[in-house]
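**Q** One structure, pasted below without further comment.
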Amino acid sequence: MQTRFSFGGDEHIFAEVGEAMSLEAFFKSLFITNAVRDAKIKGVTEICPANASYQVKFDPDQIKPDDLLTELKRLDSASEKSEPVIKTRIIEIPVLYNDPWTHETLMRFRERHQDPNGTDLEYAARINGLESVDAFIKAHSSAPWFVSMVGFVAGLPFLYQMVERKRQLQAPKYLRPRTDTPKLTVGHGGCFSCIYSVRGAGGYQMFGITPMPIYDPNQNISYLRDFMCLFRPGDIVKWKPIDRAAYDAAVADVDAGRFAPVIRDVSFSLTEFNRDVDAYNAKLDGVLPGRLGFEAGSSDHRPGSRASGLLSHRHPALRRHGPSRARGRQSPGR
């Protein structure tokens with residue numbers, strides 16, 4: 001579709017690149033917002049890429065709205081001729097699927113779920129035509145995911161599965177949102193996965209939990225000292241299923257300041273990806289330790305760098321934070 005532009009008050013221009021989420025729409029949005037950033041247009045104060053759209057905030061005393069709109073339309077035309085290739089990172093995220101903390105939480109809120117007699121993983125497996133929870137976990141973790149946007153809650157990534165649309169996992173949000181979700185829960189709503197960066201309200205299906213912090217406003221965690229949020233749009237995520245022993249060991253490493261995320265710099269070509277999705281994903285997977293794939297550089301682990309059951313006291317979300325309160329903030333599932 002042709003990009004639709006509209007003004008948001010006196011200080012914003014909103015651009016709708018596509019009516020539905022697609023990698024093509026996402027790449028176009030990412031190309032334009034990166035171009036706006038690189039151009040250092042006088043008067044532009046904020047740039048926010050999203051799934052199939054973007055928004056630019058500007059100071060009307062420094063640049064006329066129509067002048068900025070003209071520049072955005074020029075960049076939009078240029079994007080049609082650009083090669084869909086980006087320099088980005090692939091980040092391995094360990095996940096304890098079917099963990100005791102999200103299980104305890106989801107059981108507290110079954111009356112708000114489509115299936116009050118099962119679990120979120122059982123429900124998601126069934127509606128996606130998979131024979132078991134294990135089969136669903138394999139489908140969820142076998143292909144990589146693009147970070148298409150970061151927001152609603154600070155540091156929270158929205159993740160889009162890198163497979164053909166007919167193979168994408170889908171699951172609706174809860175019928176009514178929960179008032180509690182453990183920090184670092186791996187959730188899913190519609191065709192998007194996410195990681196809850198903080199404890200709070202939410203309505204995405206809950207599949208597991210990661211021991212890997214993704215947001216640190218105090219910037220005490222080693223790999224978040226340059227920037228408090230791990231993710232940026234265009235990052236690629238690969239889930240790594242782990243068991244409880246590995247989870248506990250990772251939490252201990254985080255607490256001791258020893259945890260080092262697995263991050264590799266890669267170049268991603270949308271054209272080559274579309275030519276053979278599974279083969280290209282296998283190459284991406286090979287970038288990670290212990291596997292064969294295309295060559296990649298080791299990232300400096302700095303997200304801000306442009307180089308591109310029963311509850312246990314061991315879960316940091318429940319150990320370090322008091323009871324959550326639903327404040328009506330928009331978040332996945334609200």
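**Q** Does region 27-38 include one or more residues that are within 12 Å of GLU71 (Cα to Cα), open to solvent by 10 Å² or more (accessible area, probe 1.4 Å) and not in a loop (DSSP other than H, G, I, E, B)?
**A** yes
**Q** Quick check, is VAL153 outside any helix (DSSP H, G or I) and within 25 Å of ASP276 (Cα to Cα)?
**A** no
**Q** What are the pairs with Cβ atoms under 6 angstrom where one residue, in region 249-272, is closer than 28 Å to GLU164 by Cα and of a type in the set (Ser, Thr, Tyr) and the other, located anywhere, is open to solvent by 40 Å² or more (accessible area, probe 1.4 Å) and at pLDDT below 95? Sequence gap at least six, or different chains.
**A** SER267/LYS87; SER269/VAL85
**Q** While we're here: Going by the structure shown, is LYS57 under 30 Å from GLN2 (Cβ atoms), over 22 Å from the mean Cα position of the chain (by Cα), surrounded by 14 or more Cβ atoms within 10 Å (Cβ to Cβ) and among the charged types (D, E, K, R)?
**A** In short, yes.
**Q** If you don't mind, another one. Of the residues THR88, THR105, which is polar (S, T, N, Q), assigned to a helix (DSSP H, G or I), touching an Asp or Glu at 6+ places or on another chain (Cβ under 8 Å) and surrounded by 14 or more Cβ atoms within 10 Å (Cβ to Cβ)?
**A** Matching residue, one of THR88, THR105: THR105.
**Q** Does region 162-204 hold any residues that are within 13 Å of the chain's Cα centre (by Cα), of a type outside the set (Val, Ile, Thr), surrounded by 22 or more Cβ atoms within 10 Å (Cβ to Cβ) and assigned to a strand (DSSP E or B), and which are they?
**A** Once the filter is applied, which keeps residues that are within 13 Å of the chain's Cα centre (by Cα), of a type outside the set (Val, Ile, Thr), surrounded by 22 or more Cβ atoms within 10 Å (Cβ to Cβ) and assigned to a strand (DSSP E or B), region 162-204 yields GLY187, HIS188, PHE192, SER193, CYS194.
**Q** Now for a different question. Kindly establish whether SER141 is open to solvent by less than 60 Å² (accessible area, probe 1.4 Å), at pLDDT below 95 and of a type in the set (S, T, N, Q).
**A** No, not satisfied.
**Q** Out of all the residues in region 10-26, which are open to solvent by 40 Å² or more (accessible area, probe 1.4 Å) and modelled with pLDDT of 90 or more?
**A** ASP10, GLU11, HIS12, PHE14, GLU16, GLU24, listed by residue number.
The values are calculated or read from the model by the stated rules, or taken from the named source; none is laboratory data. Since this is a predicted model, take the numbers as computed values, not measurements. Cβ: placed from backbone, ideal geometry, glycine included. Neighbour counts: every protein chain shown. All accessible areas refer to the heavy atoms of the entire protein, side chains included, with ligands and DNA or RNA removed. Shrake-Rupley method; radii C 1.70, N 1.55, O 1.52, S 1.80 Å.
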